[in-house]
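The structure under discussion appears below in the form of structure tokens.
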């Protein structure tokens, strides 16, 4: 191992240790204060409720017409299987948390399975960096936050990592896991794009058929979730996001919440100053659009130039484009982190992207000031607690880190393709001159 390589490995090990150390800080903070620190959810009584709210509708119906969910029917079928139906006869979903032990066991079972799968994937690729990358992926902020919320992203990541991590030998299994991932999180439909842009028509058709087949079967089993209902709810959710207050900025992947807040009824101008607000209104959408264009160009280049870039890099461009174009929550950053870690540190843009992925995984925040928080009930401690939260650095920088990762990797790819095309033109001119 060269000196440069040892330095890179040492840096990753230090960053992985930082993630693990902050996990220790979270545990210490909880036992000292009886609630989880920022940026974990600001309502400690609502822990795991993404899981149990969804399970409530899975067992009582009305998810698409009353709750207006954007989850495909597979999510509700899954939660009916991994849950105790009798626990959801109450009118209040939160009461199911103490009753449905099977749901909790499934949630934590998939969480720990994700750590094992991440280790499997990374040790197979590069044992020297596998441990810190496993820690950052499996115990980093996005995955811990998804666990705290009880979000089905935990289950989605299981099938996603098996589909794209390179540990499944059979193509049919990879297609099955890809189709399951799409049916858990609709924005992952972009998993079909790499085979399309690589002109792998048979694979694209098989994946599409698998996605549709699982959707139709889960729709038939659950009895709700017609395409029209699902499409209506998704378009309403994607087009209607608007921050109602400062707490909506808590942990996000995009700047949509910040932009919605400063351009809405919130008195941002009087607090930040008009020039700051006007600058943010101009620069943030412009930079986001620039990154979106670069990702589209990267995907298009693969299609038109038949680039040799591997499917994982193409998948990163597709997933990143989907995640920065609509706000899906901060925990979705785990997909970006995982896909970045699949790459080798072979250039400075990839190295910077890997370091930024570790920074996104840090389960902590720097705060100042104090927000007006009312006393709250801590579900884990089973008592009332007084919260102490403030304005955090992470609210502003994490979406920027996501955009910067996309910037580095897409522009590196486009520059590499440009250099390759110029070299090809030069060889053609030399050959023509000789003739």
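Read the figures in this text as sums done on the coordinates, not as results from a lab. The model shown is predicted, which means the values in this text are computed figures rather than measured ones. Cβ coordinates were reconstructed from backbone atoms using ideal geometry, including for glycine residues, and neighbour counts include every protein chain displayed.
Which one of 139, 295, 371 has the biggest mean-square fluctuation once the chain is modelled by GNM with Cα springs under 10 Å?
The residue that fluctuates most here is 371.
Using the 10 angstrom Cβ neighbour count as an exposure proxy, how do 100, 310, 46 rank, fewest first?
So the residues, fewest neighbours to most, are 310, 46, 100.
If you find the alpha carbon centre of the stretch 350-369 and of the stretch 176-199, how far apart are they in angstrom?
Using only Cα atoms, the two centres lie 28 Å from each other.
Per-residue ellipticity at 222 nm for the chain, helices alone: DSSP H runs ≥ 4 residues times -39500 (n - 2.57), over residue total, nearest 500 deg cm²/dmol? Present the calculation step by step, with values, prior to reporting the outcome.
Numbers: 18 runs with 287 residues, N = 435.
Computed ellipticity for the chain at 222 nm equals -22000 deg cm²/dmol.
Taking the Cα centre of each part, how many Å lie between the stretch 374-419 and the stretch 3-32?
What the calculation gives is 17 Å, centre to centre.
Using only the alpha carbons, work out the radius of gyration and Dmax of the stretch 286-356 in angstrom.
Over the stretch 286-356's Cα set, Rg and Dmax evaluate to 12.5, 34 Å.
Here are several values of Rg and Dmax of the Cα atoms in Å: (1) 23.4, 81; (2) 20.5, 72; (3) 22.7, 86. Which one was derived from the coordinates shown?
Correct label, based on the coordinates given: (3).
Would you list 101, 120 from fewest to most Cβ contacts within 10 Å?
Placing the least packed residue first, the sequence is 101, 120.
Once both labels are modelled 7 Å past Cα along the beta-carbon direction, what's the residue 80-residue 419 spacing in nm?
5.5
Which whole-number percent gives the relative contact order of the chain, counting Cα pairs below 8 Å spaced six or more residues apart?
Over the chain, the number comes to 21 percent.
Which whole-number percentage describes the relative contact order of the stretch 23-115, with Cα contacts under 8 Å and a sequence gap of 6 or more?
23
Mind sorting 326, 392 by how few other Cβ atoms lie within 10 Å of their own Cβ, fewest first? Write down the numbers at each step before the final one.
Working: 326 16, 392 21.
By the 10 Å Cβ count, ascending, the order reads 326, 392.
Most mobile of 73, 227, 194 per a Gaussian network model of the chain (Cα springs, under 10 Å)?
227
What nm distance separates the two modelled labels at residue 235 and residue 290, each placed 7 Å from Cα along Cα→Cβ?
Label-label distance for residue 235 and residue 290, simple model: 3.3 nm.
Based on the Cβ-Cβ distance of residue 376 and residue 396, what FRET efficiency does E = 1/(1 + (r/R0)^6) give at R0 = 22 Å, to the nearest 0.05?
0.35
Taking only Cα atoms and a 10 Å spring cutoff, compute GNM fluctuations for the chain and point out the largest among 209, 354, 135.
In this elastic network of the chain, the residue with the biggest mean-square fluctuation among 209, 354, 135 is 209.
Once you put a point 7 Å from the Cα of residue 60 and another 7 Å from the Cα of residue 1, both along the Cβ direction, what distance in nm separates them?
Each label point is offset 7 Å from its Cα along the Cβ direction, giving 5.4 nm.
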